[in-house]
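All remarks here apply to the structure that follows.
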Amino acid sequence: MAGGGALRALPALLLLVAAGALGKPTARQERARAGAAQHEDLPGFQYDHEAFLGKEEARSFDQLSPEESRERLGTTTGVSCSEPAQPLPVGSEEQMPLRQEAQPKKKKARKIVDRIDDDKDGYITTEELKTWIKRVQKRYIYENVAKVWKDYDLNKDDKIAWEEYKQATYGYYLENPEEFQDATDQHSFKKMLPRDERRFKAADLDGDLAATREEFTAFLHPEEFEHMKNIVVLETLEDIDKNEDGFVDQDEYIADMFANEEGGPEPDWVITEREQFSDFRDLNKDGKMDKDEIQHWILPQDYDHALAEARHLVYESDVDKDQKLTKEEVLDNWNMFVGSQATNYGEDLTRNHDEL
């Protein structure tokens, strides 16, 4: 595991996904939290793929052969051509800029590279790549909300009341507590219900306990909304602060990303993370992080993830070092942009199966 890998910036949900109104909830996902500011290359350029394509499209590319991935990058893609619109003001009835269920799902093959080249000059600049990456991120967020909306809007009034969400997510647990005898499950549900309610109320700007699409988007993706940052910080603190003293010390910080179960020496990356904590996380040098320092860590004001990723992609692919990319330079480094799990097939065959 690379240092800080557990702190990646791709947003996670604190949502318990239910199968229906009284569907049995599945295990919860990780808390919603923006990550540390470093870019890191996971095996197979996973971070780059998800930033460039979005999570869903990256998964579809993972199933392609190298030849098919390269062809789709330079020739065609199944990504919808409708550009994601900017979010409308809270309370608008047209909050979803992407595919509505009532709208035809039009997909038109277009060249990915040509779509990024906004001014059509034959080059892709860092700014154009940044714009594309932000567009992909926004599309993922709003498509995610559209995908789950019908599961929670039980009375179909185009709002999701807190009671609707609670029933859809926790209804089975609340009506069948005897099935949750495991102490860990009980603790998880008892902790998550009030925590979800707190987050829901923070997202509910008009205080009517019924979320519009924009408010529900803020509930599911709080790291994307300014008025939800305090919630992201608080949830991060609650999850990492094991001794519940209201701070995150160095050991708690490390334990959130590394469990030394075998009791051996810590890997080099963990030692580096301890140095990061002392040098950059603990700003007032009191040996622990308070809420302000946690916010500086997970939601840095002076860091643009999309710009950093765009610069990274240009730097790694710009053969002639003119600070911009031709289509040929992108295609020559196609594996960084779209990749394919097929490229790891031989490596998987030769690895020790105990490592898999």
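Full extension of the segment from residue 269 to residue 292, taken as 0.36 nm per residue of separation minus the current Cα-Cα distance, would add 5.8 nm. Here region 292-334 and region 228-289 have alpha carbon centers that stand 27 Å from each other. Residues whose amide H lies under 5 Å from that of residue 249, counting only those 5 or more places away or on a different chain, are 289; hydrogens are built 1.01 Å from N in the peptide plane.
Counting only protein heavy atoms and a 1.4 Å probe, tell me what percentage of region 196-298's accessible area is made up of carbon and sulfur.
Details: 2370 of 4970 Å².
Percent of accessible area from carbon and sulfur atoms in region 196-298: 48.
Summarising the overall dimensions of region 185-253 from its C-alpha atoms, the Rg and Dmax are 13.6, 41 angstrom. Extension gain, residue 302 to residue 123, is 61.7 nm, computed as 0.36 nm per intervening residue step minus the present C-alpha separation. For the pair residue 262 and residue 227, the difference between a 0.36 nm per residue extended length and the Cα-Cα distance amounts to 8.4 nm.
Highest mean packing first, where packing is the average number of other Cβ atoms within 10 Å per residue, the peptides 147-153, 310-316 line up as 310-316, 147-153.
With distances taken between every two different alpha-carbon atoms, region 121-193 has a Kirkwood hydrodynamic radius of 15.7 Å.
Once backbone amide H atoms are built at 1.01 Å from N, residue 211 has 160, 161, 162 as its partners under 5 Å, excluding neighbours fewer than 5 places away on the same chain.
The values are calculated or read from the model by the stated rules, or taken from the named source; none is laboratory data. Predicted model only: the values in this text are computed from it and were never measured. Every residue, glycine among them, receives a Cβ derived from its backbone with ideal geometry; neighbour counts consider all protein chains shown. These accessible areas exclude ligands, DNA and RNA; they are computed on the full protein's heavy atoms, side chains included. Shrake-Rupley method; radii C 1.70, N 1.55, O 1.52, S 1.80 Å.
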